[in-house]
Amino acid sequence: MLHEDERIDQLYAEDIKIIQSAQVFSFSLDAVLLANFARAPKRGQIVDLCAGNGAVGLFLSKKTNAHIDSIELQPRLADMAKRSVVLNHLEDQITVHTTDLKNSLAVVRHNSCDLVVCNPPYFKGLPTNKKNPNEHLAIARHEIYTTLNDVIQISSKLLKTNGRFAMVHRPERFLEILDVMRKHQIIPKRIRFVYPKAGKDANILLVEGIKEGKLDGFKVSSPLITYDEDGQYTPELRGMLYGD
């Protein structure tokens, strides 16, 4: 079940076990934040783009009866995701596809999804950016094989009218994200900024949009603080991680 460099971690709040590898990929807090921010339908169809080792889809599975299709380009990460699905006995709910997200419409019907979630590469794949020497991490973090525009364009094609799109990203690309969402008929509806500590600048952005939604009703949710003054997780974060 496990390769030599792998371990099994647990998200206690959702009672989900997940296969991880420090040498290849481990989910970050971003995946937990996205799974808790996204409003999952009770049933229907969910797609998780840039799925990595499957964390977001696995965490969402406890909040919905919808079928979840996880799309991951890298065979090693997709294999980890598939084995985690089996480990949690979720084979009837989650299907992992080893393919480029640009090929998503070959495995999921056009205009069929109630929710698309994505934890994409955050950094533009520019030559000036120093890339991670670990190829798996470089692909996950830099726009080498996909771009922000690709992610949102494909999401729009997958979503049915009034379907929701939810993404975690970086605040410095906030204005670009809003522009690209509107370009592809996903109307921004809700955002939440995440701060490492009180008094610090935001370091994570959560954004939700509705395909062909109305322009009114945009909401900025309350700030989410990760750590308290003592360096411990705040109560809201503890709830997401441990169910406290």
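Just a few scattered comments:
- Surface composition of the chain: carbon and sulfur atoms hold 49% of the protein heavy-atom accessible area at a 1.4 Å probe.
- Coarse-grained scattering of region 139-244 at q = 0.10, 0.16, 0.17 Å⁻¹, given as base-10 log I(q)/I(0) from a Debye sum over alpha-carbon atoms: -0.34, -0.80, -0.87
- Taking region 11-70 and dividing mean pair separation by its residue count, relative contact order in percent (alpha carbons under 8 Å, at least six apart): 37 percent
- Summed over the residues of the chain and divided among them, the accessible surface reaches 47 Å² per residue at a probe radius of 1.4 Å.
- Here the spin labels are modelled as points 7 Å beyond Cα on the Cα-Cβ line, and at L87 and E236 they lie 2.9 nm apart.
- Measuring between alpha carbons in the structure, the pairs from K17/K157; K157/K219; K160/K219 lying more than 28 angstrom apart are K17/K157.
- Gyration tensor (alpha-carbon) shape descriptor, the chain, a/c threshold 1.5: rounded
- On full extension, the segment bounded by E229 and D5 gains 77.2 nm, given 0.36 nm per residue less the C-alpha separation.
- Long-range amide H partners of I187 with built H, under 5 Å: I210, K211, E212, G213
- A simple rule links phi to the HN-Hα coupling: the Karplus curve 6.51 cos²θ - 1.76 cosθ + 1.60 with θ = phi - 60°, which for region 235-242 gives x, 5, 5, 4, x, 5, 8, 10 Hz, with x for Gly and Pro.
- Near the amide H of T226, within less than 5 Å, lie the amide hydrogens of Y195, K197, all on another chain or at least 5 residues away, with H placed in the peptide plane.
- Length available on full extension from N162 to K62: 0.36 nm per residue minus the Cα-Cα distance, which gives 33.7 nm.
- Among the trypsin sites (Lys or Arg not before Pro) found in region 209-241, those both in a DSSP coil and sparsely packed, with 11 or fewer other Cβ atoms within 10 Å of their Cβ, are K214.
- Note: relative contact order over the chain, using C-alpha pairs below 8 Å and six or more positions apart, is 17 percent.
- Extension gain, D216-T147: 0.36 nm per intervening residue step, less the Cα-Cα distance, totals 22.1 nm.
The values are calculated or read from the model by the stated rules, or taken from the named source; none is laboratory data. This is a predicted model, so every value here is computed, not measured. Here the Cβ is made from the backbone with ideal geometry for all residues, glycine too, and neighbour counts use every protein chain on show. All accessible areas refer to the heavy atoms of the entire protein, side chains included, with ligands and DNA or RNA removed. Shrake-Rupley method; radii C 1.70, N 1.55, O 1.52, S 1.80 Å.
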